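Participant: One structure coming up, written as structure tokens, with questions to follow.
The values are calculated or read from the model by the stated rules, or taken from the named source; none is laboratory data. All of these numbers come straight from a predicted model, not from anything done at the bench. For neighbour counting, all protein chains shown are included, and Cβ atoms are generated from backbone atoms with ideal geometry for every residue, glycine included. Quick note on the areas: whole protein, heavy atoms, side chains included, nothing else; ligands and nucleic acids left out. Shrake-Rupley method; radii C 1.70, N 1.55, O 1.52, S 1.80 Å.
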Amino acid sequence: MRIPITEGTHRAANASRRWTAGESEAQSHVVGTVLMPQDTPTGFLTIHPATATPARFYTRFAEYAVGRGLAVLTYDVRGVAASGPAREHTQLRMRDWMQQDANAVSAWAANEFPELPKVALGHSLGGHTLLLGNAAEDLHGIVTVGTSRAALRDINPLSERFRVGLILRALGPLISPLVGYAPGKRLGLGEDIPTAAMLEWGRWVRMSEYFFDDPSLGATARMARLRTPVLAVGASDDNWASPAQIDALVDHVRLAEIERRTFTPEELEVGRIGHHGLLRRAVAESAWPEIVSWMLNRLPQN
């Protein structure tokens, strides 16, 4: 389906349990998929993706949540995977994904499924999106996965900090303006992303408090206003979002109820979890019942 960024209401049509919204111009929509359970859904879950991570990565988790009775929407932000080539969205910043794309998806879901209570899961950047108050209107619960104060100085071990710093502070800013986009696939970051997103990301990671040190974003005040209950989930071996980094982020949430959960490789009986593992079936399927149950327990009928 195509969800317009600036347009109003669009009708949806059911096609093999997937819903398709009206067409829009190439640079003014995001592409997503809604999966529906066989019976009437008990709620509606939107999954907001991590940077350079395609919607298809979340399919297995979405299918599990559908099996628990939720309708689930996954989507690609503009300039990533199905939502258009990065080179066609050169000027899109990370804040545009968090504010424009996520809010458009939320508005679409509210319009198409007004009767269903809403919850949301944000992975890494997707969690930043929600904690900053974007796409959070009328949510009954927010789960963040691997979402932290993502300053470069906090990344460990030192070898990973050096690798990430080299990409975000040197190679990305150097190559992106030359080729017209950030070649994330070749740089080892996942999908290609727009140049402006790479440059903003590189600027934020250099700040000691990440985007909290960017006055134009107003992150401190925005997180302090959030009232939706939050489950902040992480992995003990996540080099990009350690438990301490996650704590440093959610400490900025002043009004909302916060629960923390850290999974370990030993608990899940795997060799490693990492930054993406909690949403991989082969790694963390045994963690999914707890995460989805938390969301279901926040729905009004429960």
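Participant: Take the residues in segment 243-267 that are small (Gly, Ala, Ser) and open to solvent by less than 30 Å² (accessible area, probe 1.4 Å); name whichever of them is farthest from THR147 (Cα to Cα).
Facilitator: Among them, the one singled out is ALA256.
Participant: In segment 125-142, is there at least one residue being among the charged types (D, E, K, R) and in contact with a Phe, Trp or Tyr (Cβ under 9 Å, 6 or more places away or on another chain)?
Facilitator: Taking segment 125-142 and keeping what is among the charged types (D, E, K, R), we get 137-138.
Okay, now just the ones that are also in contact with a Phe, Trp or Tyr (Cβ under 9 Å, 6 or more places away or on another chain), so none.
For segment 125-142, residues among the charged types (D, E, K, R) and in contact with a Phe, Trp or Tyr (Cβ under 9 Å, 6 or more places away or on another chain): absent.
Participant: Next question. Could you look through segment 268-299, keep only residues that are open to solvent by less than 20 Å² (accessible area, probe 1.4 Å) and touching a Phe, Trp or Tyr at 6+ places or on another chain (Cβ under 8 Å), and pick out the one that is nearest to PRO117 (Cα to Cα)?
Facilitator: Per the stated criteria, the residue is VAL292.
Participant: Across segment 99-132, what is the number of residues that are acidic (Asp, Glu) and surrounded by fewer than 23 Cβ atoms within 10 Å (Cβ to Cβ)?
Facilitator: In the first step, residues of segment 99-132 are kept if they are acidic (Asp, Glu); the result is 101, 112, 115.
When the remaining residues are screened for being surrounded by fewer than 23 Cβ atoms within 10 Å (Cβ to Cβ), the result is 112, 115.
Qualifying residue count, segment 99-132: 2.
Participant: Being open to solvent by 20 Å² or more (accessible area, probe 1.4 Å) and not charged (D, E, K, R) is the filter; apply it to segment 76-91 and report the residue that is nearest to ARG2 (Cα to Cα).
Facilitator: Step one: filter segment 76-91 for residues open to solvent by 20 Å² or more (accessible area, probe 1.4 Å), giving 81-82, 85, 87-88, 90-91.
In the following step, the residues that additionally are not charged (D, E, K, R) were identified as 81-82, 85, 90-91.
On the way: ALA81: 13, ALA82: 10, PRO85: 15, THR90: 20, GLN91: 20 Å.
Per the stated criteria, the residue is ALA82.
Participant: A follow-up question, please. Please tell me if ASP213 is at negative phi and either open to solvent by 50 Å² or more (accessible area, probe 1.4 Å) or aliphatic (A, V, I, L, M) (or both). Don't jump to the end; show me each part of the working.
Facilitator: On the way: at negative phi: yes; either open to solvent by 50 Å² or more (accessible area, probe 1.4 Å) or aliphatic (A, V, I, L, M) (or both): yes.
Spelling it out, ASP213 is indeed at negative phi and either open to solvent by 50 Å² or more (accessible area, probe 1.4 Å) or aliphatic (A, V, I, L, M) (or both).
Participant: Could you please give the count of residues in segment 274-298 that are over 25 Å from LEU189 (Cβ atoms) and not in a helix (DSSP H, G or I)?
Facilitator: 2
Participant: If you scan segment 55-75, which residues turn out to be of a type outside the set (Phe, Trp, Tyr) and open to solvent by 20 Å² or more (accessible area, probe 1.4 Å)? Talk me through it step by step, then tell me what you get.
Facilitator: Just the residues of segment 55-75 that are of a type outside the set (Phe, Trp, Tyr), to begin with: 55-56, 59-60, 62-63, 65-74.
If the condition is that a residue be of a type outside the set (Phe, Trp, Tyr) and open to solvent by 20 Å² or more (accessible area, probe 1.4 Å), then ARG56, THR59, ARG60, GLU63, VAL66, GLY67, ARG68 are the ones that fit.
Participant: Another question about this same structure. May I ask you to verify whether SER208 is within 27 Å of GLY172 (Cβ to Cβ), open to solvent by 20 Å² or more (accessible area, probe 1.4 Å) and hydroxyl-bearing (Ser, Thr, Tyr)? Can you show your working first?
Facilitator: Values: within 27 Å of GLY172 (Cβ to Cβ): yes; open to solvent by 20 Å² or more (accessible area, probe 1.4 Å): yes; hydroxyl-bearing (Ser, Thr, Tyr): yes.
When the stated conditions are applied, SER208 passes them.
Participant: If you scan segment 28-51, which residues turn out to be in a loop (DSSP other than H, G, I, E, B) and at pLDDT 95 or above? Walk me through it before giving the result.
Facilitator: Step one: list which residues in segment 28-51 are in a loop (DSSP other than H, G, I, E, B), which gives 28, 36-42, 49-51.
Result: MET36, PRO37, GLN38, ASP39, THR40, PRO41, THR42, PRO49, ALA50, THR51.
Participant: Give all pairs with beta carbons closer than 8 Å in which a residue from segment 267-287 that is at positive phi meets a residue that is surrounded by fewer than 20 Cβ atoms within 10 Å (Cβ to Cβ); count only pairs at least 6 apart in sequence or on separate chains.
Facilitator: Correct list of pairs: GLU269/SER286; GLY274/ASP237; GLY274/ASN239.
Participant: Quick check on my filter: what residues within segment 220-253 are at pLDDT 95 or above, within 23 Å of GLY165 (Cα to Cα) and either among the aliphatic types (A, V, I, L, M) or touching a helix residue (DSSP H, G or I) at 6+ places or on another chain (Cβ under 9 Å) (or both)? Before the answer, list the steps.
Facilitator: Taking segment 220-253 and keeping what is at pLDDT 95 or above, we get 220-238, 241-253.
If we keep only those that are within 23 Å of GLY165 (Cα to Cα) too, we end up with 234-238, 241-249.
Correct list: GLY234, ALA235, SER236, ASP237, ASP238, ALA241, SER242, ALA244, GLN245, ILE246, ALA248, LEU249.
Participant: Limited to segment 133-164, what total is found for residues that are assigned to a helix (DSSP H, G or I), open to solvent by 10 Å² or more (accessible area, probe 1.4 Å) and over 29 Å from ARG225 (Cβ atoms)? If you could, list the steps in order and put the result at the bottom.
Facilitator: Residues of segment 133-164 that are assigned to a helix (DSSP H, G or I), as a first pass: 152-154, 158-164.
Cutting the leftovers down to open to solvent by 10 Å² or more (accessible area, probe 1.4 Å) gives us 152-154, 158-163.
Okay, now just the ones that are also over 29 Å from ARG225 (Cβ atoms), so 158-163.
The number of residues fulfilling the criteria is 6.
Participant: Which of the residues spanning segment 216-263 are more than 23 Å from ASP138 (Cα to Cα), touching a Phe, Trp or Tyr at 6+ places or on another chain (Cβ under 8 Å) and either aliphatic (A, V, I, L, M) or not in a loop (DSSP other than H, G, I, E, B) (or both)?
Facilitator: Correct list: GLY234, ALA235.
Participant: Has segment 179-195 got at least one residue that is outside any helix (DSSP H, G or I) and charged (D, E, K, R)?
Facilitator: The first filter runs over segment 179-195 and keeps only residues outside any helix (DSSP H, G or I), leaving 180-183, 188-194.
Add one more test, that the residue is charged (D, E, K, R), and what stays is 191-192.
Scanning segment 179-195 turns up at least one residue that is outside any helix (DSSP H, G or I) and charged (D, E, K, R).
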